Structure formats: C-alpha cells, structure tokens
1. Can you give the relative contact order of the range 163-228 as a percent, counting alpha carbon pairs under 8 Å and 6+ residues apart?
2. Taking all pairs of different Cα atoms in the range 68-203, averaging 1/r and flipping that mean, what Kirkwood radius in angstroms comes out?
3. Using alpha carbons only, how many degrees (0 to 90, rounded to 10) separate the axis of helix 33-44 from the longest principal axis of the chain?
4. Translational D (Stokes-Einstein, µm²/s) of the range 125-178 at 20 °C and 1.002 mPa s when Rh comes from the Kirkwood sum over C-alpha pairs?
5. Given the options 18, 228, 127, state which has the largest fluctuation in a GNM of the chain using a 10 Å cut-off (strictly under) for Cα springs.
6. Can you list the equivalent-ellipsoid semi-axes of the range 162-208, largest first and in whole Å, using the square root of 5 times each Cα gyration tensor eigenvalue?
7. Could you quote the convex hull projected area for the chain, Cα atoms only and averaged over all directions, in nm²?
8. Taking Cα pairs under 8 Å and at least six residues apart, what relative contact order does the chain come out at, in percent?
C-alpha cells in the first residue's frame, strides 16, 4: 500500500445518519488518491464497494485491508480507457454482485501541457480517461440501473480547473470542463429514472497525481493563493461524499460543488 493508506483512519463523521449501509458502490480509479479514500469511507459507512482500477495488486491490497476490518470490498481490474474490457468487467460485476446504487467516476490523469505544443498522444490520453471514459462507464452503469429499476447516485469527480484555468494544464482543464457539462446533461436526462448526478470539483489535495508538484516553488505559490493557506485533507471531502451518495440529497441533481478552500473565489491566477 502507498502512504495514502494512512488516510484510512476511522472516520469521525456519523456515517449512520446518511443511511448508506447496505448500498452497493462502484469506484473507479480506486487504487490511490481520492478513489482510495472514497472507497474506504464508503466501506466504513456500510457499503459493499467495488474498487476498480488498472493496478490490480494495489486493489487487492486495499480490498484485503477493508475485508480484514470487517467491511465488504471486491477488487476488479478495469481500464476505463478500453471500452471493450470495461464493458466486460462491468457485466461481470452485475452478474456476480449486482447493480450499483452509487457510481463514482474518479479515474483521471493529468499531463503538463500548453495548447500550442501539447503532444497529440498525450492530449488524446487525457481526454480518453478524463471525459470519454466517464461518458461510457456512466452510460453502461445507468442503463443497468434503469433495466433493474434501481434509483441511484452518480458522482463525477471534476476539478476547479474545469471551472477556471491555469496555464500549463490545458488538456486536463478542458477534459474536466467537459465533465462539468456532462454532469448537467446526465442530470437532466436521468432525473426521470430517479438517478441523481452531481459532481465534486476538488481543489489541490496532496495525492499521487500532485506528487512532487505541491512541494515545488510553483506549488507553494498556488498554496499561498488559497484563502486557508493549505491544501485539502482527504476527509475534507468525506461529508460531501456521503451527502451526494445518500438519499439525504434526494432533490439535488446537476450540482457541481467546489471543495477548494476558497481558491476559486479568491481567483486562481
């Protein structure tokens, strides 16, 4: 396990209030960072969690840890960028475990680039993982929800860079802006099936995707612009995760909620 496992401490939030026990949650990109945290907290809240990512050995370690602690977790190898293998993996989940109540589209990648000189392969990779896969995974799971007449909650992980921009992360910002708009489209079309779709737009959190950057001069300058003068702790996301996943937000859909310490309102630049 990575150092991020340290964030799997017992949760202080009263998870029972949200009524998540017995729910079935599927989390993509669950081998590290936000996805690992989301899967852990949902398992602690009583959900059966399907943790999905490409790095099967890390998933197996996390599933083993959660199961040893009395929770219920299953690990599946899933490359969200490969639609054929993703569909096969999801069909196996439906057949062997059931239809998810909660889908968290967390898998994502970032590559530093600027518009004029961004390599086409890098840009295509970022778009494929960050936006195209969210469309196809959501489409597959939501069709299954509808076919089994199950209401549900989809939580897309966007970014404050999908709401505003900084230089040097062009393809990532565009891909997350697409996730913001996709969330609204999905919310509009899926409400008739009682499927809620919302998005979390995190600011800067100390996870694998930001490894090294936040300690750099550029990273420290960004932190100084955050009104709270710090990066986010993973449990800064937990209360919102529980709310969006639960039926406590039964009348909430199409929302995109920044969790950034006030970075957006202070201005990113």
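1. Dividing the mean separation by the residue count of the range 163-228 yields 16 percent.
2. 15.9
3. 30
4. Calculated translational D: 173 µm²/s.
5. Maximum fluctuation in the GNM of the chain, among the listed residues, is at 228.
6. Numbers: eigenvalues 133, 33, 9 Å².
Square roots of five times the eigenvalues give 26, 13, 7 Å.
7. 13.6
8. 18
Laboratory data are not the source of any read-out in this text; all were calculated from the coordinates shown. What you are looking at is a predicted structure, and each value in this text was computed from that prediction instead of being measured.
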